[in-house]
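The values are calculated or read from the model by the stated rules, or taken from the named source; none is laboratory data. Treat the numbers as computed from the prediction; the structure is a model and nothing was measured. As a convention, Cβ positions derive from the backbone with ideal geometry for all residues, glycine included, and neighbour counts pool all protein chains shown. Remember, those area values only see protein heavy atoms, side chains included, never the ligands or the DNA or RNA. Shrake-Rupley method; radii C 1.70, N 1.55, O 1.52, S 1.80 Å.
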Amino acid sequence: MSESTFQRNKTFVLEAFETLFNRKDFIAAEKFWSPNYIQHSAHIPPGRDGLFGLIKGGPARDEI
């Protein structure tokens, strides 16, 4: 039985968020966020670097 598009997309997004937000593996996260990523939040600097910088500046996982 093949996986549905919805399930593949869900798996992809969960892996991306786990990689960036929980593991903070920025090298691996580059495969999920394009160098041309557009950040729409006014309080976060533009692009992928802005998003990654926000995460780098947050508390370590063991501090939460």
Among the GluC sites (Glu not before Pro) within the chain, which fall in a DSSP loop and have no more than 15 other Cβ atoms within 10 Å of their own Cβ? GLU3, GLU30
Rounded to the nearest 10 Å², what accessible area does ARG48 have for a 1.4 Å probe in the complete protein model? 40 Å²
Equivalent ellipsoid semi-axes - Cα gyration tensor, the chain, angstrom: 24, 16, 10
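Measure off, as a whole percent, the carbon and sulfur share of the 1.4 Å-probe accessible area of the chain, all protein chains present. The partial results should precede the final answer.
Details: 2860 of 4980 Å².
Looking at the chain in its full context, I get 57 percent from C and S.
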Grab the Cα-Cα distance for VAL13 and LYS31, subtract it from 0.36 nm times how many residues apart they are, and report the gain in nm with one decimal. 5.3 nm
